[in-house]
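Worksheet for the structure shown next.
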Amino acid sequence: MNASSTASATGAANARAPGALDHMSGMVVFTRAAETLSFAEAGRQLGLSASAIGKAVARLEARVGVRLFHRSTRSVRLTPEGELFLARCQRILGEIEEAESELAISRAKPMGRLRVSIPLVGTLLMPVLSAFMRAYPAVQLDIDFSDRLVDVIDDGFDVVLRTGDAIDSQLTMRTLGHYTHLIVGSPAYLDAHGVPATPEMLGAHACLQHRFSRTGRLRRWIFVRDGAPFDVELPSTAIASAVEPLIALAEQGLGLTSVPDYAVRAQLADGSLVAVLRDFTADRIPFRALWPSGRMTPPKVRVFVDFLHQHLFPGSA
């Protein structure tokens, strides 16, 4: 766009601006008058005289081409057209007010108590949670470690972390990442008992199994061969309702266990645990954050969810 065109556009925009402001102020005056059904009361609330309110309403009626109020010396009431216009003005002004509130919230500093429900396996998130506390000291974490199915809204949680599928129209959901189960054992155990080449060979190994505390059932070790899932009969050398002791027992050379990959990243990196049967393990389980739906996510919830996504599952989409 050349200089003359820019000048013309700027002039046109400036010419339109007062009219746009008149429209907005007219809606505000009309809405207040319609809600109070009194020009005098509307004027008192807006800091204007009753006659100024009356003139503003008259200009608005002239602009829209319809009568919005029935006036008498003793009362003011809306016409049918005025009632329709009031409903539309209330929606518009409400949207503006809500937009301003959202901007104020978005600029607010994350702070206050953050009540979070995390599954029992989530205790393995402690390094990430500790890092979050250092990054946001004004946010006080109140964590409930439980595998029970909580009601996010009725139980008063700000955020709930869960694995697997979750559908609730009252909740906002974000997938933080995906994980898979790995079968791991210590180098000493594998040297002593051999590396299983197929899942069926696990029957001859010490298997450290996880029991769901909520159902009392053992978690199945799911394998995939030629695209089809299957499981095998496994011995139960030890059973625990939490993942941490299973990892500790495996590190001590007492057997093989199947645990989330994110739970043993450090052990795989330092060599204290080794993954086996990788060609047969291919589950992909979503790890999700859920929180009460609203037009604007509170800053403390937003930064918490973003932090987990970045640090628990780095590189996840």
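The values are calculated or read from the model by the stated rules, or taken from the named source; none is laboratory data. Since the model is a prediction, treat every value here as computed from it, not as a measurement. Backbone-built Cβ (ideal geometry, glycine too); neighbour counts: all protein chains shown.
Applying the criterion of being surrounded by 14 or more Cβ atoms within 10 Å (Cβ to Cβ) and in contact (Cβ under 8 Å) with a residue 24 or more places away in the chain to the residues of the range 214-229, the residue that is farthest from V259 (Cα to Cα) is V224. Residues that are of a type in the set (V, I, T) and in a loop (DSSP other than H, G, I, E, B) within the range 139-188 comprise V150, V152, I153, I167, T180, listed in sequence order. One residue stands out among those in the range 257-297 that are among the basic types (K, R) and under 24 Å from the mean Cα position of the chain (by Cα): the one that is nearest to P199 (Cα to Cα), which is R284.
Entry remark, the range 216-231: residues being of a type in the set (V, I, T) and not in a loop (DSSP other than H, G, I, E, B) number 1 in total.
So, in the range 115-138, of the ones that are at pLDDT 85 or above, of a type in the set (G, A, S) and not in a strand (DSSP E or B), which residue ends up nearest to V243 (Cα to Cα)? Out of the qualifying residues, it is S130. Just one of the listed residues (L234, L249) is within 30 Å of V116 (Cβ to Cβ) and either in contact with a helix residue (DSSP H, G or I) (Cβ under 9 Å, 6 or more places away or on another chain) or part of a helix (DSSP H, G or I) (or both), and it is L249. Restricted to the range 24-68, and to residues there that are without any contact (Cβ under 8 Å) to a residue 60 or more places away in the chain and among the hydroxyl-bearing types (S, T, Y), the residue that is surrounded by the fewest Cβ atoms within 10 Å (Cβ to Cβ) is S51.
Just the residues that are part of a helix (DSSP H, G or I), within 26 Å of L149 (Cα to Cα) and not charged (D, E, K, R), please, taken from the range 265-302. P299, V301, listed by residue number. Residues in the range 64-85 that are at pLDDT 90 or above and basic (K, R) were compared, and the one that is farthest from the chain's Cα centre (by Cα) is R67.
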